1. Residue check: is V149 part of a helix (DSSP H, G or I), among the aliphatic types (A, V, I, L, M) and under 20 Å from the mean Cα position of the chain (by Cα)?
2. Among the residues of segment 78-97, which ones are without any contact (Cβ under 8 Å) to a residue 40 or more places away in the chain, in a helix (DSSP H, G or I) and not charged (D, E, K, R)?
3. Does A126 satisfy the criteria of being at pLDDT 90 or above, loosely packed, with under 12 Cβ neighbours inside 10 Å and over 16 Å from I229 (Cα atoms)?
4. May I ask you to list pairs of residues, at least six apart or on different chains, whose Cβ atoms are under 8 Å apart, with the first in segment 217-240 being under 17 Å from C108 (Cβ atoms) and touching a residue at least 12 places away in the same chain (Cβ under 8 Å) and the second being of a type in the set (K, R) and in a helix (DSSP H, G or I)?
5. When you go through (1) surrounded by 17 or more Cβ atoms within 10 Å (Cβ to Cβ); (2) in a helix (DSSP H, G or I) one by one for V233, which number turns out not to apply?
6. Within segment 214-244, how many residues are charged (D, E, K, R) and at pLDDT 90 or above?
7. Could you tell me which residue of segment 49-88 is surrounded by the fewest Cβ atoms within 10 Å (Cβ to Cβ), considering only residues that are farther than 19 Å from V242 by Cβ and of a type in the set (D, E)?
8. Out of the residues in segment 137-170 meeting the condition of being out of contact with any Leu (no Cβ under 8 Å at 6 or more places or on another chain), β-branched (V, I, T) and surrounded by fewer than 22 Cβ atoms within 10 Å (Cβ to Cβ), tell me which one is nearest to F104 (Cα to Cα).
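The values are calculated or read from the model by the stated rules, or taken from the named source; none is laboratory data. Quantities reported herein were computed from a predicted structural model and do not represent experimental measurements. Positions of Cβ are generated from backbone atoms using ideal geometry, with glycine treated the same way; all protein chains shown enter the neighbour counts.
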Amino acid sequence: MPNIEEKAGDGKGEIRATGIAGGRKSSFFELRGSISRQTTLLLGMLGGLVFFGIWELGHILTPDSSKRFLPSPETVVSAFWFLLTEKGYIYDIGKSCYRIFGSFFLVCVVSVPLGILMGCFIKFRALINPTISAARYLPAASFIPLLLVWFGPTDTQKMALLFLGVVFFLIALVLDNTKAVQKELVEAALTMGADRRRVVLGVVVPAVAPAVIDSMRTMIAVGWTYLVIAEIVAATDGIGAVMMRAGRFLKVDIIMAGILTIGILGVLTDLAFRLLAHYAFPWNRER
């Protein structure tokens with residue numbers, strides 16, 4: 001309950017309300033607070049330093065006979081640089097990016113229109129949604145033998161696996177995004193005489209676009225998590241193939257350099273989607 005204080009002055013009662021939060025300084029665990037960009041950047045850097053500090057401490061505390069199985073951050077960075085400068089690792093990175101972004105482009109071509117149509121037309125949703133919902137529970141890795149039979153150990157097989165790992169989830173997210181569009185917008189457009197095509201393309205699509213970009217940003221992260229699974233089967237190139245070859249010889253520093261590479265590429269991908277949303281939808285920046 002806020003405290004109410006009354007102060008007399010010049011013959012008039014002056015009421016001053018002091019809220020509970022008003023007299024309290026902002027704490028680290030403040031609920032639904034807001035911070036500046038500088039503070040966000042500072043805390044992010046601090047979190048990264050804490051992570052690498054714990055990693056370094058774990059390496060120091062590991063017995064000498066086992067240190068090769070938990071290399072230090074410096075050793076992993078050195079292995080990463082060695083791969084780039086001596087082993088043509090940039091080609092493997094490019095190959096993995098081609099598989100990720102190529103398959104995700106196909107995912108978006110299928111998922112976005114299908115999710116929007118399902119969100120706009122209830123009978124179409126009733127026809128398709130049960131199958132899509134059931135498919136979400138099928139593990140993508142279980143399709144590997146079938147994809148090998150169909151496509152062989154090719155890029156098509158790997159991209160098909162990445163496609164299957166993401167497509168059904170993105171359809172469900174786009175469907176939810178479309179259903180969340182305010183009904184008043186659609187009703188107003190219909191009242192003004194717009195046909196169904198104009199309502200979908202001129203009202204629903206612009207309204208749902210920022211949320212769809214957010215959903216795409218979320219799901220491409222899932223695609224990165226499937227990369228190693230896609231590249232461990234009959235692969236001769238790519239980040240996953242480099243990691244699997246290193247695993248045969250217990251080169252943990254190279255394995256961790258591959259993990260670090262995927263993490264860096266994932267962060268850069270996330271940043272690219274954030275910048276796209278920031279400049280493509282300026283009215284949505286505050287949200």
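1. no
2. Within segment 78-97, W81, F82, L84, T85, I90, G94 qualify.
3. Answer is yes for this residue.
4. R217/R274
5. (2)
6. Final tally of qualifying residues: 2.
7. D64
8. Applying the filter and picking the extreme gives T156.
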